[in-house]
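The values are calculated or read from the model by the stated rules, or taken from the named source; none is laboratory data. On a predicted model such as this, the values are computed, not experimentally measured, just so you know. Positions of Cβ are generated from backbone atoms using ideal geometry, with glycine treated the same way; all protein chains shown enter the neighbour counts. Quick note on the areas: whole protein, heavy atoms, side chains included, nothing else; ligands and nucleic acids left out. Shrake-Rupley method; radii C 1.70, N 1.55, O 1.52, S 1.80 Å.
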Amino acid sequence: MERMTMSFILSLCLQNKPSWCPTCSYQCSKYGYACVMNPVSLFPVGAFLVPYLFFMVIAGMPLFYMELALGQYNREGAAGVWKICPIFKGVGFTVILISLYVGFYYNVIIAWALFYLFSSFTGELPWVHCNNTWNSPNCSDLWAFNNSLNDTHKSTPAAEYFERGVLHLQDSEGIADLGLPRWQLTSCLAVVIVVLYFSLWKGVKTSGKVVWITATMPYVVLTVLLLRGVTLPGAMDGIKAYLSVDFLRLCEPQVWIDAATQICFSLGVGFGVLIAFSSYNKFSNNCYRDAIITSSINSLTSFFSGFVIFSFLGYMSHKHSVPLDKVATDGPGLVFIIYPEAIATLPGSSVWAVIFFIMLLTLGIDSAMGGMESVITGLMDEFKFLHKHRELFTLFIVVSTFLISLFCVTNGGIYVFTLLDHFAAGTSILFGVLIEAIGIAWFYGVDRFSDDIEEMIGQRPGLYWRLCWKFVSPCFLLFMVVVSFATFNPPNYGTYTFPIWANMIGWCLAISSMTMVPLYAIYKMCTLPGKFCDVSLVHISLVYISLVYISLMFNRAITEPSTRWFSVTSAVAPSSPRCLCGWTISVCDV
């Protein structure tokens, strides 16, 4: 009876919230955010596939399912969903901040892609020869120099075009010497911001239409690139290397660590995007089916994109007569150096370059829209008065993001970009997902959460899902948090090492999002009625563990900013299946 009353009140309160129309718009948004960004990252090979699939089943799918169900049932953003257990609302603000931080530098990648797209509308691509004004004496012509990748004193035209022609890195001595924003990249960034604004300003009414293009076009372009790639000399060698499995490597811990990390970031859990997207679903939408299909498509997309990547890497390896591992790289180097260099050697290279960078634009805009929507929906659902001013609030968010991003389009902007990329969503996002999983499984309760899902789709989650939510996923995330400390290295860009003060800023950025968890918990304990002595050990443990975790990070930032570090701290919290039942009822229920 209580649950029926609760559902009735919930439906009355949220009946005016817009929904995806048609439902396919939601599917495209979800696929676009969680799936199509994988092609721009290097999909590891061989033995990696075994732990990757293992972690996908025991952790990736359960966490993905959990976030979709959480957002759909409560129809709120990342912060608002925690009305089911308000002491955990701080983790909602944590993921909102992380998504905002990521937007500061992620939009710059799209601006780079737009700059490359404009540069591709020429008869001869500008990264083909070394006779340009930005080239250095170390530049080696792509057609005449056959061992450029073996000579550490030489660089290819594609590498110099990215670092000297686009970034103008030669005009900066480091992060302390940024210079002014470059007008070319600033203009591209402004175009990206305008596109994002008009894609988001009306909510799902506009973004739901944009994703029809941005989520589907990458698959078409990937297929075209694969058909071209497999015809290149050396492509089969690259694909054979991609599919070869060395089972002895399964004994290497790093293989398992890489697989676990890939799962967390490829599915996009913990950024609040999945919660925001599913909050616009109809209450009876089958979120279980969506979780299975989307996470499966995610893995298949990664696997498929691996064929595209390694066909071109095999071609580059054959062309330069070097081992494949000397060519393979990840991050911006793969997208803006290796791929453009490979495309430049093809007949009709300008056409292929235009196709490739249009794909990158659609990929980037799709994911950027997801991150922005997470911030906008999360804050609007928490502060209801913003619903009346969505257009203005969206403008405020995108303009603020644009202003911060200007630091990344200066002469030394790549250093700011690298610092943000290293600290904004590393350990902090793993910490956020860990607290989120603990809050649902041990505080709100797996049984209650299962009742919510049964109320939506008419089917209770099976034993497998409940065990994963309560035991397997939290243990997996705790392992990942510990590993993130154990394997941490300070950021660098090439041979450039960041100064201590820059690392301190990075750690402060990471800590600033995580502090939302204990700060909001302390605020809630101080403002809710009741005596402090009534607060259970579980609540105190939450605050204590969060503060200890963050203080360890801060201590490391001060004392060991440039060294590896390892420490394992275990804490066992009471295994209460319900949420904060030792405290006042208002902490658990609406």
Placed amide H near THR410: partners under 5 Å, 5+ positions off or other chain: ARG182
In square angstrom, rounded to the nearest 10, how much accessible surface does VAL50 have for a 1.4 Å probe? 60 Å²
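Can you give the net charge of the other residues whose Cβ lies under 14 Å from the Cβ of ARG249, counting K and R as +1 and D and E as -1?
Numbers: positive: none; negative: ASP246, GLU252, ASP258, ASP325.
Once all neighbours under 14 Å are counted, the net charge is -4.
Using packing as a proxy for protection, rank 444-455, 76-87 so that the peptide with the highest average count of other Cβ atoms within 10 Å comes first.
Numbers: 444-455: 18.2, 76-87: 24.8.
For the peptides 444-455, 76-87, the packing ranking is 76-87, 444-455.
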Return the whole-Å distance between the Cα centroid of segment 265-340 and the Cα centroid of segment 423-491. 22 Å
Percent breakdown of C-alpha pair distances by 5 Å bin, ordered from the shortest bin, for segment 246-405: 1, 6, 10, 15, 15, 14, 13, 11, 7, 4, 2, 1, 0
Residue-normalised accessible area of segment 340-441, expressed per residue, 1.4 Å probe, Å²: 28 Å²
Descending semi-axes in whole angstrom, ellipsoid equivalent of segment 66-144, from the Cα gyration tensor: 50, 14, 10
If each of PHE385 and CYS508 carries a label point 7 Å out from its Cα toward its Cβ, how far apart are those two points in nm? 3.0 nm
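Which of the peptides 411-418, 486-493, 253-260 is most tightly packed, and how do the rest follow, judged by the mean count of other Cβ atoms within 10 Å per residue?
On the way: 411-418: 23.4, 486-493: 15.2, 253-260: 17.1.
Output ranking for 411-418, 486-493, 253-260: 411-418, 253-260, 486-493.
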A convex hull over the alpha carbons of segment 385-452 yields, per residue, a volume in Å³ of 123 Å³
At q = 0.19 Å⁻¹, what base-10 log of I(q)/I(0) does the Debye formula yield for segment 229-307 when every alpha carbon is treated as an equal point scatterer in vacuo? -0.99
